[in-house]
Every structure is written in C-alpha cells, then in structure tokens.
Amino acid sequence: MKNPSFEFSRAITRRPASTIANGLRAEDIGNPDLDSMLAAHAAYVAALRSTGAEVIELEPLDAFPDAQFVEDTALCLPQGAILMRPGAPSRLGEVAEMAPTLRGCYENVREIKSPGHIEGGDILVTGSEILVGRSDRTDAAGVAELAAIAAEWGHSLREVFTPEGVLHFKTDCSLMDAETILSTKRLDASGCFEGYRVLHVAEGEEAAANAIRFNNLVLMAAGFPRTAEVLSKAGYEIVEIDNTDCAKLDGGMSCLSLRF
Ligand code: CIR
C-alpha cells in the first residue's frame, strides 16, 4: 500500500503566466524571467512524471500572477480535498480556479470558509499527523476550521508556528519520508519536530529547506551542494531543479504542485 505522505499517483501544476513580474514577494531582488521560469517548470513536471505519476498541467492565469504556486490553494488528503482560503487578498480568487479540477479528481471536496485564512504552504502532512504553521497568511480561525475537517477524517492536527519573517511553514521544512523531516536549524530549534528524525540544511543554505519527496525522488532547488550531500548520504535520490526565478517570488519546490 502507498504511504500517502510521500507516495503519489497524481499531481496538479499550473504553468507560469506572462504576468509573473506582478507576483508577490517579501523583498524585491528583481523580476523573474518568464522563459527561464517556464524551462524550470517543464523540468519540474518532467521529474514528477519520471516517477510514473500522472501530472495534470493547468493553463496559465494572467489575472493571477502567483497562480503557479498551486499548493497554496488546497490540501489533498486520502479522504478528500480541502479548498484553502489564502491570506493574501490577491490570491483568494485562485481557489475558484482550482476547484473544478479537484472536484474532478475527488468525490469529497470541502472548503475553508470566512473568516479564517489558511494557505497550503503552511501545512506539512507527515506519516502520523498534520502540522500547521501559523504565519502572516494562516490564522487561528483558518487552523481551527481545518482541524475540524481533519478530525472528522481521522487525522490529528497540531498547530505550530512559522518563524518570524518566513513566508510559510514549509519555506523552512520538508518531509523526506514518513518520519524524517528536512529543516532549517532555526525552525527545528522551536521544538516542533520532537519525535521525528530531523536532517538540517547546511548553514547558509536555508533556501534548500523547501524540497519535496515525491515517490522515489527528492526534488530540491539547485545550487545547495552541502545540503544535497546531506540528503544523498542519507540515501535519498535527488533531482535538482533551477529555482532562481521562483525564488524571486519566494516560491520553491513544494509550492509548484498539489500531490495526491
Ligand atoms: C506568495 O507570496 O504568495 C507567492 N509569491 C509565493 C508562494 C509560495 N508558496 C508556497 O511556499 N507554498
């Protein structure tokens, strides 16, 4: 049987739109380049497909420059999908754009309703629980609403905190297998991963923490050789993807897909 925390048969992605230069970012380090972002996106999709999974590639949405970061619009669990309610006002409309695709894949689709806000980037599903990091995008009301649905579906959910100045909980951590987490030292220091095996990203390579385990592969951002070595030594098969342009919009490996 598949382990639903890292073994998947399908993924949903969305190609970057021509309007990506309007994407949100905490700090302006220059605009992303559409052509190189499309090339990196194609490499990402190819890596997912190489594991045997089906990848649904959605069309770009010019009205939503952050819509390629599909992870923030939903949470996919074995029992059903839950439509999120992003805390970034410019991203709220992305959810309705994703909903029909999820309704086509799942019989059971629930939604987070007003007044709560919650984004998929703040949610880490491990082999034993759902961790949700409160952040500037995810508030207590959003977490409480998700907790109620998760409880109904038999999952235990734990509220944790995203470090100050970090966009999402998963900006700083990733699941490597059912009980192994890749984390920055600053997030692990909060104690939220007690009981898990934790691998640390190398000092100065904090941006490598947002990776994904997808079937036999770990997809990670290229350019972090010491963290790549940590993962290789731990036995993971790595694929490095150019994340230069997504990083300009605070995006990374997990943001680019919904996996189920
Ligand atoms: C945003 O600020 O919402 C986007 N520019 C980046 C979203 C990244 N998503 C994620 O980490 N799950």
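The values are calculated or read from the model by the stated rules, or taken from the named source; none is laboratory data. As the structure is a computational prediction, the values presented were derived from the model and not from experiment. Here the Cβ positions follow ideal geometry from the backbone for every residue, glycine too, while neighbour counts run over all protein chains shown. Only protein heavy atoms, including side chains, enter the accessible area calculation; ligands, DNA and RNA are left aside. Shrake-Rupley method; radii C 1.70, N 1.55, O 1.52, S 1.80 Å.
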Checklist entry - How many residues does the stretch 222-247 hold that are free of Cβ contacts under 8 Å to residues at least 40 places away in the same chain and within 16 Å of the ligand (Cβ to nearest atom)? => result 0
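Can we say Gly121 is out of contact with any Pro (no Cβ under 7 Å at 6 or more places or on another chain), buried (at least 22 other Cβ atoms within 10 Å of the Cβ) and under 23 Å from Ile56 (Cβ atoms)?
Details: out of contact with any Pro (no Cβ under 7 Å at 6 or more places or on another chain): yes; buried (at least 22 other Cβ atoms within 10 Å of the Cβ): yes; under 23 Å from Ile56 (Cβ atoms): yes.
When the stated conditions are applied, Gly121 passes them.
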Next on the checklist: When you check Arg49 against the structure, is it of a type in the set (D, E, K, R) and in contact (Cβ under 8 Å) with a residue 60 or more places away in the chain, yes or no?
Outcome noted: no
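Can you go through Leu219, Leu167 and tell me which one is within 15 Å of the ligand (Cβ to nearest atom), assigned to a strand (DSSP E or B) and either among the basic types (Lys, Arg) or in contact (Cβ under 8 Å) with a residue 40 or more places away in the chain (or both)? Give the derivation first.
Numbers: Leu167 fails: assigned to a strand (DSSP E or B).
Being within 15 Å of the ligand (Cβ to nearest atom), assigned to a strand (DSSP E or B) and either among the basic types (Lys, Arg) or in contact (Cβ under 8 Å) with a residue 40 or more places away in the chain (or both) holds for just one of Leu219, Leu167, which is Leu219.
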Checklist entry - Residues in the stretch 155-163: is at least one part of a loop (DSSP other than H, G, I, E, B), more than 16 Å from the ligand (Cβ to nearest atom), out of contact with any helix residue (DSSP H, G or I) (no Cβ under 7 Å at 6 or more places or on another chain) and not β-branched (Val, Ile, Thr)? => result yes
Checklist entry - Hey, does the stretch 186-193 have a residue that's open to solvent by less than 60 Å² (accessible area, probe 1.4 Å) and either within 13 Å of the ligand (Cβ to nearest atom) or in contact with a Leu (Cβ under 9 Å, 6 or more places away or on another chain) (or both)? => result yes
Checklist entry - Which of the strands (runs of 3 or more DSSP E) contained wholly in the stretch 52-143 include at least 3 residues that are in contact with a strand residue (DSSP E or B) (Cβ under 6 Å, 6 or more places away or on another chain) and modelled with pLDDT of 95 or more? => result 54-58, 74-77, 80-83, 109-111, 130-134
Checklist entry - Taking the stretch 161-185, which residues are polar (S, T, N, Q) and open to solvent by 10 Å² or more (accessible area, probe 1.4 Å)? => result Thr162, Thr171
Next on the checklist: If I ask for residues that are open to solvent by 50 Å² or more (accessible area, probe 1.4 Å) and either over 14 Å from Val109 (Cα atoms) or within 11 Å of the ligand (Cβ to nearest atom) (or both), which ones from the stretch 86-96 would you list?
Outcome noted: Pro89, Ser90, Leu92
Next on the checklist: Given the condition free of Cβ contacts under 8 Å to residues at least 12 places away in the same chain, loosely packed, with under 15 Cβ neighbours inside 10 Å and not β-branched (Val, Ile, Thr), answer yes or no: does some residue in the stretch 75-83 qualify?
Outcome noted: no
Checklist entry - Asp250 passes all but one of (1) within 16 Å of the ligand (Cβ to nearest atom); (2) open to solvent by less than 50 Å² (accessible area, probe 1.4 Å); which number fails? => result (2)
Checklist outcome for this item: Here the residues within the stretch 8-30 that are touching a residue at least 60 places away in the same chain (Cβ under 8 Å), assigned to a loop (DSSP other than H, G, I, E, B) and more than 12 Å from the ligand (Cβ to nearest atom) are Phe8, Ser9, Ile29, Gly30
Next on the checklist: I'm checking my understanding of the structure. Among residues of the stretch 124-154 that are of a type outside the set (A, V, I, L, M, F, W, C) and within 16 Å of the ligand (Cβ to nearest atom), which one is most open to solvent (accessible area, probe 1.4 Å)?
Outcome noted: Asp136
